[in-house]
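The values are calculated or read from the model by the stated rules, or taken from the named source; none is laboratory data. In this text the structure is predicted, and so the values were computed from the model without any measurement. Note that we place each Cβ from the backbone using ideal geometry, even for glycine, and neighbour counts take in every protein chain shown. Heavy atoms of the whole protein, side chains included, go into the accessibility calculation; ligands, DNA and RNA do not. Shrake-Rupley method; radii C 1.70, N 1.55, O 1.52, S 1.80 Å.
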Amino acid sequence: MKIKSTTEFKNSMSLTDPPVALSLYEKAIWHAGKGDWEKAHNIVQNMDDQPSALIHAFLHRQEGDLSNARYWYDRAGSRMPVISLDEEWKELLAKFLAD
């Protein structure tokens, strides 16, 4: 069953593992939200599309590696946002749940 709401997604974060029905993008966002940068990064690091580049950029921004983050934002066709990491995480979640 696909998770359709941010509330449902956030509730799933009380679990040990992400729900099986999540896409790879959503799983990366899930792990990032749980503070497991490495698991999130492992999911997107070998993907080669704009959506994964956007998540990859966020992860490097979260890590504090801003030059690497800029590279990935460029690959995603985007610019580094000037919002908080928490706000960006929520925007990513909304974007990927809507797709």
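Could you work out the relative contact order of the chain? I mean the mean sequence separation of Cα pairs under 8 Å and 6+ apart, divided by the number of residues, in percent.
25
Specify the residue with the greatest mean-square fluctuation among ILE43, ILE29, ILE55, computed from a Gaussian network of the chain linking alpha-carbon atoms under 10 Å apart.
So, out of ILE43, ILE29, ILE55, the one fluctuating most is ILE43.
Cross-link candidates for LYS2: which lysines have Cα within less than 16 Å, leaving aside residues fewer than 8 places away along the same chain?
LYS10, LYS27, LYS95
Please report the accessible area of ASP48 (heavy atoms, 1.4 Å probe, ligands and nucleic acids excluded) in Å², nearest 10.
ASP48 exposes around 120 Å² with every protein chain in place.
Roughly how many Å² of TRP72 are accessible to a 1.4 Å probe, to the nearest 10?
Surface accessible to solvent at TRP72 totals approximately 30 Å².
For P(r) over Cα pairs in 10 Å bins from 0, in percent, the listed values are [x] 14, 46, 34, 6; [y] 17, 45, 33, 6, 0; [z] 17, 54, 27, 3; which was obtained by calculation from the structure presented?
Checked against the structure: label [z].
Roughly to the nearest percent, how much of the accessible area of the chain is carbon and sulfur, given a 1.4 Å probe?
Carbon and sulfur together cover 51 percent of it.
How much accessible area per residue does the chain have, in Å², with a 1.4 Å probe?
Ligands and nucleic acids excluded, the figure is 58 Å² per residue.
Any idea what the dipole of the chain comes to, in debye rounded to 20, about its Cα centre with Lys/Arg Cβ at +1 and Asp/Glu Cβ at -1?
180
Would you calculate a helix-derived [θ] at 222 nm for the chain, using -39,500 (n - 2.57) for each DSSP H run of n ≥ 4 and dividing by the full residue count, to the nearest 500?
For the chain, the value works out to -19000 deg cm²/dmol.
Enumerate the aspartates and glutamates that LYS4 could reach by cross-link, defined here as Cα to Cα under 16 Å, with residues fewer than 8 away along the same chain left out.
Within reach: GLU26, GLU91, ASP99.
Can you give me the distance in nm between label points at ASN42 and GLU87, each placed 7 Å from the Cα along the Cα-to-Cβ direction?
With each label point 7 Å from Cα toward Cβ, the separation is 3.3 nm.
What does the accessible area of ARG75 come to, in Å² to the nearest 10, when a probe of 1.4 Å is used?
100
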